[in-house]
Amino acid sequence: MSLTLKEMAQISGAELVGDESFKPTCLCGLDKVIHGGIAYAAELRDANADANKDLGALIVPTKIKGQDISYKGNILYANNPEWAFTLIMRATTTLNKNIKREIHKTAVVAETAKIGANVAIGALSVVEDGAEIGEGTIIYPQVYIGRDVKIGKNCIVYPKVTIREECVLKDYVILQPGAVIGSDGFGYVFINKHEKIPQIGKVILQDDVEIGANTTIDRAKMNETVIGANTKIDNLVQIGHNVKIGMSSILVSQVGVAGSAEIGNGVIIAGQAGVSGHLKVGDRAVIGPQAGIISALEAGSKVMGSPAMSYSDFMRLQVILKKLPEFYKEIQALRKKYNI
Amino acid sequence: MSLTLKEMAQISGAELVGDESFKPTCLCGLDKVIHGGIAYAAELRDANADANKDLGALIVPTKIKGQDISYKGNILYANNPEWAFTLIMRATTTLNKNIKREIHKTAVVAETAKIGANVAIGALSVVEDGAEIGEGTIIYPQVYIGRDVKIGKNCIVYPKVTIREECVLKDYVILQPGAVIGSDGFGYVFINKHEKIPQIGKVILQDDVEIGANTTIDRAKMNETVIGANTKIDNLVQIGHNVKIGMSSILVSQVGVAGSAEIGNGVIIAGQAGVSGHLKVGDRAVIGPQAGIISALEAGSKVMGSPAMSYSDFMRLQVILKKLPEFYKEIQALRKKYNI
Amino acid sequence: MSLTLKEMAQISGAELVGDESFKPTCLCGLDKVIHGGIAYAAELRDANADANKDLGALIVPTKIKGQDISYKGNILYANNPEWAFTLIMRATTTLNKNIKREIHKTAVVAETAKIGANVAIGALSVVEDGAEIGEGTIIYPQVYIGRDVKIGKNCIVYPKVTIREECVLKDYVILQPGAVIGSDGFGYVFINKHEKIPQIGKVILQDDVEIGANTTIDRAKMNETVIGANTKIDNLVQIGHNVKIGMSSILVSQVGVAGSAEIGNGVIIAGQAGVSGHLKVGDRAVIGPQAGIISALEAGSKVMGSPAMSYSDFMRLQVILKKLPEFYKEIQALRKKYNI
């Protein structure tokens, strides 16, 4: 690594007590300390681990300043060590930094497409008629950008992403490989057989949205499917047509949200949970892994189970279910004793 | 929109009472009425909503003719308003209509491939030796069509679809982006380690099948994996090797069907449900969301839960599970009172 | 087929009693006997089925030698008929055998990439700077191989696979279509909004790993996500960042393993099950379909349910849950009788 501790302190807003000119050998975690590396400790007890002695530098919380730490090397004090470390990671990573800002000669870009300054379009990508790509956006190889798609500034679109016609990405959106934006919603009307209903709406991904690998987001039947600003969606998630998701929500891998559901702001949906269609999930609701949401949830709800119940009811039920076999024996004893 | 109400009435088989020459500004839904637009009401109460007054035209059920409707604009009477509206959507959408029927110069098409009349093959698609593509089929960019694949007439294959060697699509099949047809089935025999069993069968998609984005359908170990005519499969569904699915069945997103299962006609499998291998699911069975099917289901079954039980048993059990904590207290009171 | 029974006996190590020069018409299964074909019977009762009479040859277990079999045609005796049949399948399949070992003229291969002898790189694939591809490996069309990726010998990479920068495949790895190796892990720190943590680690797939279609394996935050030798992962599975999986484990379709979980050797995880983050699952554990693992599992555990419990507890609970409605009525009768 080429940064000194002084530079790392500046980048991360941390206070350095130690050798300003020292250059850590690498970034590492406390679970796998590497000689001369820099790591962070979220708490005092993490800072005190014996294995830390090999580190070149350690970021610790400012709040423990003055307390005795067994680690005797270079220390950086930060209000939030994880965040300080993240800022150093961002400054030092090479990911996405050496991408040539050019349209690769094998990309197939329509003449009517509008490409902003400082854009990269990778090999064998396709940009259809009327598409727009904003300044500073990186399109990796083998991406498909459909007719009249609008992509904002400073987005990153990884290989094999498909964005179908008319969909919209605002600024700073990241799409992991294989994500599909704007596939047809699942809509049919039964007239002797299932007859397809055209899905003529689109998808809008607001600023700073990230979409995971091979996740699918269906276009609306009419109007829009919307993912709100700063919402983060993991891999292999399914978002049905006309779903609306608010800001800064988290959807973990393999979650499914059925058509026309409305998810609020700051909601957390854990892995493999499902939300039925046409439901509202209030702001800051927390939905447990594998939960099945079949009725609306109020703001701040915390639920688990399939069908879902409140977290406290779920926990109480688990305790009783464990006792149920014993409980059953007691009932049988009662029946026998009282001859019922 | 360029169609008059007279033309819309003709297309949809509806009876117009109103201005024949009026051109609606757009198609819309009653949840988001747009000034001058045309929408449909499935029921009288939907027709009577105050917000409808801005509409340019409203499609209502023929059966309410003669009843008083608060909406006073142009009316189309249709036996099935949703179907009438769908026919107008189909007539007016631009999706898939302006695709140039040509082989793009960057597509890589084997000399031995047979391409029908009026076919489109998009940029950077690959068509391998011996493949056949029927009249009127649209292949979007970046599609892979393997050796000896047979594709029928009037299919639509969206970007990034992979169809591996020897698989068969009949007519009017639609494959959403990223779908994989003919990946190897998951088959091994353990001889000191897991030894791969070659998967030498194929996949057959019958007429009018639709497959969702990033859904995977494994080729058979031998013989065929078959999806019956008019069956519709949503996004991120997994179909194992040698599965047979009948006609006009519906598989919602993230469903998994394990190897050699047989699903009947008109079956509905809700989101995230799973069907174990080598089972039969009878015609018209309805399987609830997140259900786990571990034994055969008779025709007309309606089941929920994991493991699945009948819908009525499931509902009764949910009621009792809710009462279980209270119920537990009662037993303890009984024990105490009778000193058991 | 061009092989004689004598040749098939040699390939599979079976003992032939019958016509050495006979050439079976095809390979088939006992569920669909084809005239003149060769099939295998795992047990005596399978060998005795009436439908077998049309077969050209039947592989049976050596252990039944001397017992009376109703099938009177050519017999091959093998210690493990399935394995003998698999060896014949491998010898006769054309899959992956007629691939031209060349770099297709439309592939985009960086000058700094190192390509071994006898490698195939299909049409429209991309190989970035610094990538290495070992001897005998087949890269199908439309694959993406990122910067500094290392691929070993004799791997098969199907169409539409994405391998992001710096990831490693050892030898004999198979990646089904659409698999994504090295997507970013799902990591954020909340500082007024979700701030992305760069994911600077990689993925290592050890020898003889197979990854299913559209499965996603996230790169580590730091260090490595590792899939151990001979482990087999089915379609649409999600593996989070920093997960470690041991040798010869089996993960069935739609399983999810959250970040930093450690899965042992010889583990079996059935379809749609989920494993929470930072857990250890011991060697040879067996996890049932749709199970939810929220605490560590010891070696040899056998669990089901969500949340998971031991297989025996799960089965006992299912029995009691079925009786619960009746049981509830009894309690009410007791209450009434004793006026509680």
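Run the paramagnetic zone check for C:K100: 7 angstrom along Cα to Cβ, then residues of region B:99-137 with backbone nitrogen under 16 Å. Those under the cut-off are B:107-113, B:126-131. Around the Cα centre of region A:208-313, unit charges on the Cβ atoms of Lys, Arg, Asp and Glu (plus for the first two, minus for the last two) sum to a dipole of about 120 debye.
Considering Cα pairs under 8 angstrom that are at least six residues apart, work out the relative contact order of region B:271-340 and quote it in whole percent. Intermediate results must be reported in sequence, preceding the final value.
On the way: 93 pairs, mean separation 15.0, N = 70.
Computed over region B:271-340, the figure is 21 percent.
When the solvent-accessible area of region A:159-272 is split by element, carbon and sulfur atoms take up 55 percent of it, the probe being 1.4 Å. For the pair region B:151-198 / region B:258-273, the C-alpha centres are spaced 18 Å from each other.
By accessible area of protein heavy atoms, probe 1.4 Å, what ranking do C:S183, A:S310 get, highest first?
Working: C:S183 0, A:S310 45 Å².
Highest to lowest solvent-accessible surface, that is A:S310, C:S183.
The relative contact order of chain C, computed from alpha carbon pairs under 8 Å that lie at least 6 residues apart in sequence, is 6 percent. Here region C:5-92 is assigned +1 on the Cβ of each Lys and Arg and -1 on the Cβ of each Asp and Glu. Its dipole about the Cα centre then comes out at about 80 debye. Chain B contacts chain C over a buried accessible area of about 5000 Å², both sides summed; the probe is 1.4 Å and only protein chains count.
In this view, the solvent-accessible surface of C:E262, computed with a 1.4 Å probe and all protein chains in place, comes to about 80 Å².
Comparing B:V267, B:V319, B:V126 in a Gaussian network model of chain B, where Cα atoms under 10 Å apart are tied by springs, the biggest mean-square fluctuation is seen for B:V319.
Principal axis analysis of the Cα atoms in region C:163-281 yields extents of 43, 28, 22 Å, listed in decreasing size. In region C:59-189, the inverse of the mean reciprocal separation of distinct Cα atoms equals 17.1 Å; this is its Kirkwood hydrodynamic radius. Burial here means at least 40 square angstrom less accessible surface with every protein chain in place than with the chain by itself, probed at 1.4 Å; in region C:253-283 the buried residues are C:Q254, C:Q272. The separation of region B:45-62 from region B:67-136, counted between C-alpha centres, amounts to 30 Å. Annotation: A:L16 carries an accessible surface of approximately 40 Å², with a 1.4 Å probe and no ligand, DNA or RNA atoms counted. Contact residues in region C:159-176 (at least 30 Å² less accessible area with all protein chains than alone, 1.4 Å probe): C:P159, C:K160, C:T162, C:R164, C:E165, C:Q176.
Using Cβ point charges alone (K and R +1, D and E -1), the dipole size of the protein assembly as shown about the Cα centre works out to roughly 2620 debye. Based on protein heavy atoms only, region B:5-92 ends up with 48 Å² per residue of surface accessible to a 1.4 Å probe. Would you be so kind as to identify which of C:L317, C:N52, B:I139 lies farthest towards the positive end of the dipole of the protein assembly as shown, taking Lys and Arg as +1 and Asp and Glu as -1 on Cβ and the Cα centre as origin? The one lying farthest along the dipole's positive direction is C:L317. Copy-to-copy label distances for B:H35, where each label lies 7 Å from Cα along Cα-to-Cβ, are 7.5, 7.5 nm in order of increasing length. Accessible surface of A:M247, taken over heavy atoms with a 1.4 Å probe and every protein chain present, rounds to 100 Å².
Accessible surface of region A:5-92, 1.4 Å probe: 48 percent of it comes from carbon and sulfur atoms. Average accessible surface for region B:221-328: 35 Å² per residue, computed with a 1.4 Å probe over protein heavy atoms with every protein chain in place. Once region C:218-286 is represented by equal point scatterers at the alpha-carbon sites, with solvent omitted, what log10 I(q)/I(0) does the Debye formula produce at q = 0.24, 0.29 Å⁻¹? Summing over Cα pairs of region C:218-286 leads to -1.02, -1.48. Extents of region A:5-92, taken as max minus min of Cα coordinates on every principal axis and listed largest first, are 28, 26, 21 Å. Global size of the protein assembly as shown: 30.3, 89 Å for Rg and Dmax (C-alpha atoms, Rg to one decimal, Dmax whole).
Comparing the full protein assembly with the isolated chain (1.4 Å probe, heavy atoms, ligands and nucleic acids excluded), the residues of region A:213-247 losing at least 30 square angstrom of accessible area are A:N214, A:T216, A:K221, A:M222, A:N223, A:N230, A:K232, A:D234, A:N235, A:L236, A:Q238. In whole percents, the pair-distance distribution calculated for chain B from its alpha-carbon pairs, binned every 10 Å from zero, is 6, 20, 20, 22, 19, 9, 4, 2, 0. Bridges between two residues of the protein assembly as shown, per DSSP, are antiparallel at a rate of about 10%. Ranked by solvent-accessible area (1.4 Å probe, protein heavy atoms only, all chains present), the residues C:S260, A:S253, C:S295 order from largest to smallest as C:S295, C:S260, A:S253.
Dividing the C-alpha radius of gyration of region B:60-133 by 2.2 N^0.38 Å, with N its residue count, gives 1.99. Projected label points at C:I191 and C:R90, each 7 Å from Cα along the beta carbon direction, are separated by 5.3 nanometres.
The values are calculated or read from the model by the stated rules, or taken from the named source; none is laboratory data. Fair warning: this is a prediction, and the values are worked out from it, not measured in the lab. Backbone-built Cβ (ideal geometry, glycine too); neighbour counts: all protein chains shown. All accessible areas refer to the heavy atoms of the entire protein, side chains included, with ligands and DNA or RNA removed. Shrake-Rupley method; radii C 1.70, N 1.55, O 1.52, S 1.80 Å.
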